[in-house]
1. Stretch residue B:338-residue B:63 to full length: gain in nm at 0.36 nm per residue minus the Cα-Cα span?
2. How do A:349, A:276 line up, fewest other C-beta atoms within 10 Å first?
3. Using alpha carbons only, how many angstrom separate the centre of the range A:133-169 from the centre of the range A:232-273?
4. Using helices alone, I'd like the mean residue ellipticity at 222 nm for chain A: each DSSP H run of four-plus residues gives -39500 (n - 2.57), total over residue count, nearest 500.
5. For A:261, A:288, which order do you get if you count the other beta carbons within 10 Å of each Cβ and list the fewest first?
6. Where a ≥ b ≥ c are the square roots of the eigenvalues of the C-alpha gyration tensor, would you call the protein assembly as shown rounded, which needs a/c under 1.5, or, failing that, prolate if a/b is larger than b/c, or oblate?
7. Based on the alpha-carbon gyration tensor of chain A and its eigenvalue square roots a ≥ b ≥ c, which shape applies: rounded if a/c is under 1.5, prolate if not and a/b is larger than b/c, or oblate?
8. Go ahead and estimate [θ] at 222 nm for chain B from helices alone: -39,500 (n - 2.57) per DSSP H run with n ≥ 4, summed, over the residue count, rounded to 500.
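Readers should treat all values here as calculations from the given coordinates under stated rules, not as data from a laboratory. None of the values given here were measured: they were computed from a predicted structure. Cβ placement follows ideal geometry from the backbone for every residue including glycine, while neighbour counts extend to all protein chains displayed.
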């Protein structure tokens, strides 16, 4: 299966620089290598059928050819040895603690701004900063309850945090279903490898939701608030609600009476304590935010301010995953925790700083440029592969609105063997772990490994031709 | 249970039931054509007209098709997505409803409706409809029955089940009356001749009732068929049986004793059930079959409207936005759903 496989000049997750199998991958290679191509392809087809029959699909917008697609799944797992995972776990825990202290500060005394660690200007101009929520206390002082930080590895194998997704990170259902699909279609490769299970995620999530309930007596009523069935992540919303055994609701299922939230049931109104919302701040309450939202719940923010309902994640967390604020996260960690960051950032240039901007504008063909508040691979310029026109468009945008842009050197993302028509080839990958912050911090071992299926591509987003892999964290 | 979820489960099952009934109706009549010597286009139109009328989509059909030949009618009723009541449309709507309440369904139940949807959308299905139509309709019917069987063996007998059962039996009762109404358009005087017998046989078969009808030794006549399909106490597609089940489900949901009522839906269902329990085919002949069947359909609709009013709108005393029946989502809402960044 792996005959002729070339790690090339990149960091390869399975092979070292001399094309030798990394020792902790050897048992897996032996089992995968023992399959002939036909058997491998049959089993791969089984896993694809599983996804199709389960309806594990995502919607591609602006595509009229039937809106649902299967998220491509590659059966070759990505392996993380135990020591490496311990390091990641420590770094991610440190990061979510610091981000939460930061958000509490920003929405209260703003000491970090008074101490001039971050220029006030950057916070006040952040698109997702919600000054109207200053002074509002949230249960347990937790703002980001679920964080999906994206990690990448450079040439030498160092892990970097690429961005923090602290609003509505998605993809956890794929992490769970990838494992299910792989167990079904390739049961033989798991034998005695000591792969840590991932199925605690829904339980951890539910425990966290119950933990933040403002009502301390009786069982809290938790619900998942979805934008609805046309959202790209609707499958995931249903999946998580079902795994947790909670109701999935749309805005129209909820109503607010005397600053309490209720859901409309066949037996009348039932009070809701905790909302796991998968809907953006902008749309969540038309009275406070976008007036034209038909998805939100009028009056929800009143109930939230009054402390009668908890939201996960809290309102206003977007200020922490603004890509400009990202630049300051290492300083944030030092400021609040007095610690060195365990996981480094990717070097970042801020277009609104004069020196940096000059550098960016004179090096556009070598850099990745990102809008501060876009996700899903949108609003991005990949300098090395961009056309001259595309570069000029971004040059104008950066000059017109420097606060909204950052630039980073191209990191050559590590690669992992991936089945491509006709054989195994190296493809670039990233890793999105899911960090849950409730009574304590829980991180399901591994995360979602996304893979750029196009040869040479560094963009792993599903909307841009990405797929995914199962992620194995080893016990030893 | 969330009102919206109750409403969605109810429609999911109605659409599956509708597709199942349509598959039988089309297949039976397609085969019945083989009993005739070749029909000219005028007589073909006469043959299909009552069948299109029975689903209430005659106007739409004529706006979409110039000819009324077998191919056009079959395509319109089976695979035309422009017809919201075609088999493929119904399956697609059932599946869309299932998708929105996926968390309420067993894995097996979801997989069955999803598999049926994938089948009707497949290239293979398109080929089959041309090369082997009976096989196509059999696939649809079998899958619909499997869906029913899985639902029955994996769903707790709680509200979710009762709303699904309610949808199934209201749809069934409605379709039985519509299929019976096809006889309204029989050529005058053909009641007892061989054409009439063929007609009644086709109606029985469209309701999947041939075997049960024979086993009861009923006379194959207008009276015999009406007695059976409207007033049978035991046949699961008779109007009386379905109404009995609707009444039962409604009382299970509210917890009210049978024979009494706590809301308008229960009152309407109780009234209709009494009329069927104590009525006879003579009444149908007195008022005229078409008007009689029409009256039944009006009463089914009254029950359905009252269910919607009671369980979907009523909890909402502080009404903000009404829910729409079925899977209706406005373009604005759909657009906003898409806009939510999932990071």
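1. Answer, rounded to one decimal: 95.7 nm.
2. A:349, A:276
3. Between the Cα centre of the range A:133-169 and that of the range A:232-273, the gap is 26 Å.
4. Calculated from helices alone, the mean residue ellipticity at 222 nm is -8500 deg cm²/dmol.
5. By the 10 Å Cβ count, ascending, the order reads A:288, A:261.
6. Note, shape of the protein assembly as shown comes out prolate.
7. oblate
8. Calculated at 222 nm, the ellipticity per residue is -22500 deg cm²/dmol.
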